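Participant: Here it is, the structure in full.
Derivation of every value follows stated rules applied to the coordinates shown; laboratory data play no part. On a predicted model such as this, the values are computed, not experimentally measured, just so you know. Neighbour counts are summed over all protein chains in view; Cβ atoms, including those assigned to glycine, are modelled from backbone coordinates with ideal geometry.
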Amino acid sequence: MRLTVDLSDLRAALTAVLPHVPTGKLFPALQRVRLTPFGVNVEITATDRTTAALAIVSIWESDGDGDVVDLTAQDVRRVLAVFAPPLDGNEIAIEIVTTASEVTFTDTSGLVDGESLTLPRGPADPAYPNLRSLWSGVTLSREPQVQHGGTWFHAKHLGRFTAAQRAYGDPLILDPRDTRWVVRVGESFLGLICPIRPDEDARVFAKAHVGAWVERLGDGAAPLDDEHNEPWMEESYFFGPRQQDDDHDDAQDRKLLREAAELVVTTQLGSPSMLQRKLRVGFAKAMTLMDRLEALGVVAPSTGVVARDVLIPADATGALATVLEMIDGQQP
């Protein structure tokens, strides 16, 4: 296998999933970070059965073959140590080449190759679970569900997801779904966490703690465990910087769509991966932009390949101007 990815994208994904690799010896099949090429992305996963993490890295170039690569936690730390974060947001191309016994990471962004790291490669353990399937039955919504009565977590398990928030700089959102909680960070990271199931003694102590807090807060304090009470604070499972207001979001959305249209027409490349690199957006956003460009007549419908046919020639400035006017005139 030979493929090329962006260093910043790769570092963010490895950093985000690394805390979820188990450190004990009970589950040797899980003591790894798995890289799985899937379509136009590499899926990077890890789990210790209590939490799970999936991050995606867009593929710039590929020879078409997709090999699963397993890295130990130590291997991941070596990759992060050898390939430092790029300066000033520069794009650094990292080529990943695998043989039957080795996997090599090489900086190929310059006229001559830069840093290179070769690691031993063992066979992929068949006992490693299909983590993608853990999310396949989970409905993701724009608004998180609200659960009353309290949910119990180990602080150390929740703390693992702060690495993803720092790596991507997006808010950390907890979304309760049945017996597990989905953790979302932007468009490139999904996580899962299992709540604690407290015994009856723990529940009794917790109820006593609630009563003690009500007593401390005085007569004006509302019962903290009353699901019918309307609290004076807004309930939220949102962690991180606040989103911009709707008007700003709409203006930013139009700006991205304009830039996407100009990039696709001028480069004559209808590729979601190109939009990811140039616009610094996640895969889902790039696909959404491509679908909107299809609706505007800029690109042809997807045929299953990475790049779509561009319907507007690069020298058709009048046609491009018409498309940009249509974007400016669209309703939010």
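Participant: Which part of the range 256-292 falls in the paramagnetic zone of Asp315, meaning amide N under 17 Å from the point 7 Å along Cα-to-beta-carbon?
Facilitator: In the range 256-292, the label zone of Asp315 (backbone N under 17 Å from the point 7 Å along Cα→Cβ) covers 265-268.
Participant: At a threshold of 8 angstrom on Cα-Cα distance, excluding pairs fewer than six apart, so keeping six or more, what relative contact order does the range 1-131 reach in percent?
Facilitator: Values: 262 pairs, mean separation 37.1, N = 131.
Relative contact order, the range 1-131: 28 percent.
Participant: How long is the gain from Asp250 to Arg2 if the chain were fully straight, where each residue apart is worth 0.36 nm and the alpha carbon distance is subtracted? Walk me through the numbers before you get to the answer.
Facilitator: Details: separation 248, 0.36 × 248 = 89.28 nm, distance 3.91 nm.
Full extension of this stretch gives 85.4 nm more.
Participant: Could you sort the peptides 255-266, 112-123 by per-residue average Cβ neighbour count (10 Å cutoff), highest mean leading? Intermediate values should be presented prior to the final figure.
Facilitator: Working: 255-266: 19.3, 112-123: 12.4.
Top to bottom by mean Cβ count within 10 Å: 255-266, 112-123.
Participant: What is the local net charge at Ala84, summed over the other residues whose Cβ is closer than 12 Å to its Cβ (Lys, Arg +1; Asp, Glu -1)?
Facilitator: Working: positive: Arg11; negative: Asp107, Glu115.
Charge balance near Ala84 sits at -1.
Participant: Also, quick follow-up: Rounded to two decimal places and with Rh computed the Kirkwood way over Cα pairs, what is Rg over Rh for the range 1-72?
Facilitator: 1.00
Participant: Using Cα positions and a limit of under 30 Å, work out the lysines in reach of Lys156, with same-chain residues fewer than 8 apart set aside.
Facilitator: Here the lysines satisfying the reach criterion relative to Lys156 are Lys25, Lys207.
Participant: Pop the C-beta distance of Phe153 and Ala127 into the FRET formula with R0 = 30 Å and round what comes out to the nearest 0.05.
Facilitator: Details: r = 27 Å, r/R0 = 0.91.
After rounding, the FRET efficiency stands at 0.65.
Participant: Principal axis lengths of the range 51-130 from Cα atoms, whole Å, largest first?
Facilitator: Between the extreme Cα coordinates on each principal axis of the range 51-130 lie 41, 30, 24 Å.
Participant: Tally Lys/Arg at +1 and Asp/Glu at -1 over every other residue whose Cβ is under 15 Å from the Cβ of Thr317; what's the total? Mind dumping the intermediate values first?
Facilitator: Details: positive: Arg258; negative: Glu262, Asp315, Glu325.
Value of the local net charge: -2.
Participant: Please work out the Cα center distance from the range 27-105 to the range 257-316, rounded to the nearest Å.
Facilitator: 26 Å
Participant: Please compute the length gained on full extension between Val210 and Ser302, using 0.36 nm multiplied by the number of residues separating them and subtracting their Cα-Cα distance.
Facilitator: Values: separation 92, 0.36 × 92 = 33.12 nm, distance 5.55 nm.
Stretched out fully, the Val210 to Ser302 stretch lengthens by 27.6 nm.
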